[in-house]
Structures are given as C-alpha cells and as structure tokens.
C-alpha cells in the first residue's frame with residue numbers, strides 16, 4: 001500500500017486490519033492516514049534496503065533524509081544503538097507455530113506474510 005500508492009494507515013492494530021473471504025486485506029478506521037510523496041517513498045525504500053542488508057551505518061543518514069533530527073555529534077552512537085536493536089531481529093528465524101514470546105505484543109510472523117493463516121487459526 002505504501003510503496004504502490006504512497007498511502008499509509010497510521011493505526012494498524014488487529015481491530016483495524018481485516019482478512020476478507022477472498023484473502024484480501026481490509027482496513028477500517030481512517031483517522032490516522034497519510035500519503036507520502038514519491039521522493040519520500042524513494043527515501044523510505046532506501047532506509048528499508050539498508051536495514052534489511054544490515055547497512056546500519058547508513059541508517060542515521062537515511063533517517064535524516066526523512067526529516068528525523070538528531071545531534072550530528074551523536075551519529076556514531078545512534079548507529080551503534082540501531083545495530084544493537086536491529087541486527088538481532090534481522091538475523092533470527094521467524095516462528096510460525098505460536099506467538100513470538102520475544103515480541104512485546106506477541107505478533108506472529110505467519111500473520112504478517114500469510115493472511116489466510118488468520119482465518120485458519122493456525
């Protein structure tokens with residue numbers, strides 16, 4: 001939705017995201033929505049690519065391109081903290097058999113990439 005059309009839903013909790021009978025995703029409660037410019041979509045894409053390829057040294061610059069402000073003298077500290085927070089998440093295998101006990105809200109990886117799993121109750 002974000003990368004195809006530039007729109008985003010700013011409150012995507014389970015009550016606002018539905019799996020429809022034909023396995024499409026339905027959204028409700030559009031109180032917090034927005035639209036990104038093509039330029040911001042490109043910036044966000046670069047941020048995600050750097051995160052996914054573990055290029056954490058580029059994250060402060062990518063976030064600054066999106067308007068996040070931080071003291072320049074703390075950029076190395078920021079990159080170090082980002083690496084410590086992000087790398088363990090990127091390097092672990094998703095669990096598909098039960099809720100993730102390490103996630104603060106127990107989000108299941110299978111619900112993120114297999115919408116039909118929501119209806120099957122797996």
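The values are calculated or read from the model by the stated rules, or taken from the named source; none is laboratory data. Remember, predicted model here, so these are calculated numbers, not experimental data. Cβ: placed from backbone, ideal geometry, glycine included. Neighbour counts: every protein chain shown.
Each row is one residue, and each column tells you yes or no for (1) farther than 21 Å from residue 1 by Cβ; (2) without any contact (Cβ under 8 Å) to a residue 12 or more places away in the chain.
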{"residue": "23", "(1), (2)": "no, no"}
{"residue": "34", "(1), (2)": "no, no"}
{"residue": "38", "(1), (2)": "no, no"}
{"residue": "64", "(1), (2)": "yes, yes"}
{"residue": "68", "(1), (2)": "yes, yes"}
{"residue": "76", "(1), (2)": "yes, yes"}
{"residue": "83", "(1), (2)": "yes, no"}
Tell me whether segment 88-97 contains one or more residues that are surrounded by 10 or more Cβ atoms within 10 Å (Cβ to Cβ), modelled with pLDDT of 80 or more and under 25 Å from residue 13 (Cβ atoms).
no
Every listed condition ((1) surrounded by fewer than 11 Cβ atoms within 10 Å (Cβ to Cβ); (2) in the same structural domain as residue 92 (by TED's automatic domain parsing)) holds for residue 61 save (1)
